[in-house]
Amino acid sequence: MLKPFVIDKLSCQRQDTVLFSDLCFQLDVSGMLLVEGANGSGKSSLLRLLAGLATPASGDILWHGKSIFNCAAKFNPHIHYLGHNNGLRLDLTVAENLRSADKEILSSLQLHKHTFSLARSLSAGQKRKVALAKLFSAQKKLWLLDEPLTALDAETQALFLSHLQEHLRQDGMAVISSHQPISLPTVNMQTVRLGIGWAERFVRSPTNTQSDL
């Protein structure tokens with residue numbers, strides 16, 4: 001049975017350098033892919049490809065059997081992409097950037113006292129928290145997150161992992177790049193480890209065993 005999100009022989013090239021080629025994986029509901037690799041190995045490039053923000057050198061990305069490059073209007077409403085720049089308007093306040101966010105979410109992220117602060121006045125960690133507030137409030141099916149734990153304290157990292165686990169429990173899906181370890185004991189987590197010109201994929205089961213694919 002075809003999975004909702006399928007990556008078929010995907011290749012990415014930056015100028016004359018092949019970052020990865022013939023990458024394949026499938027995500028079902030409640031599925032997660034962790035993308036690992038050194039700086040420059042193609043993690044951010046892969047996330048941008050999956051969000052439809054860049055074009056692959058070859059291969060395709062399918063959403064319910066159709067190429068995302070041919071059905072963006074049907075794909076985009078179901079995804080939430082978070083890149084390095086947080087997606088904030090620095091000349092707007094926290095409230096204006098969020099438009100609508102649950103007060104409980106704001107409080108849990110310690111943003112309730114910064115509602116009317118301009119985004120440009122926030123620290124790097126606070127800006128990331130605003131981006132997470134947008135993520136938690138959006139309720140999209142597929143999370144595409146590039147280093148979401150960057151600049152976050154330990155308490156906020158734990159909060160993020162709690163929201164991620166709940167998202168997956170409710171039939172959501174996620175592709176996440178991270179330098180920090182992400183452990184979700186009850187989740188069958190696929191992992192892609194990227195290096196310049198190569199990629200390997202394996203599965204971490206809930207019992208923490210690994211199997212090469």
Could you tell me the distance between the Cα centroids of segment 3-19 and segment 107-134, to the nearest Å? 34 Å
Using the Cβ atoms and a cut-off under 13 Å, what net charge is assigned to the surroundings of T93, where Lys and Arg are +1 and Asp and Glu are -1? +3
Run through segment 82-147 and list the trypsin sites (Lys or Arg not before Pro) located in a DSSP loop whose Cβ has at most 14 other Cβ atoms within 10 Å. R89, R99
Give the Rg/Rh ratio for segment 102-212, taking Rg as the radius of gyration of the Cα atoms and Rh as the Kirkwood radius, to two decimals. 1.01
Ranked from fewest to most other Cβ atoms within 10 Å of their own Cβ, V18, V175 fall in the order V18, V175
First select every other residue whose beta carbon is under 13 angstrom from the beta carbon of G52; then total the charges, Lys and Arg +1, Asp and Glu -1. +2
For a footprinting-style exposure proxy, rank C24, C12 by other Cβ within 10 Å, fewest first. C24, C12
Net length gained if the chain between I196 and D60 were fully extended (0.36 nm per residue, minus Cα distance): 46.9 nm
My understanding is that a pair violates if its Cα-Cα distance is over 31 Å; which of K9/K127; K3/K103; K43/K113; K9/K140 do that in this structure? K9/K127; K3/K103; K43/K113
Compute the FRET efficiency between F116 and R169 as 1/(1 + (r/R0)^6), taking r as their Cβ-Cβ distance and R0 = 30 Å, and round to the nearest 0.05. 0.30
Using a Debye calculation, one point per C-alpha and no hydration shell, please list log10 I(q)/I(0) for the chain at q = 0.07, 0.09, 0.13 Å⁻¹ in order. -0.21, -0.36, -0.75
Between N188 and K9, Cβ-based FRET efficiency (R0 22 Å, step 0.05) works out to 0.45
Give me the net charge for the shell around L10: Cβ to Cβ below 11 angstrom, other residues only, Lys and Arg +1, Asp and Glu -1. -2
Listing S41, S11 from the residue with the fewest other Cβ atoms within 10 Å to the one with the most, what is the order? S11, S41
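Just so you know, all these numbers are worked out from the coordinates, no wet-lab data involved. These numbers come from a predicted model, not from an experiment. Counting neighbours? That spans all protein chains shown, and the Cβs are built from the backbone with ideal geometry, glycine included.
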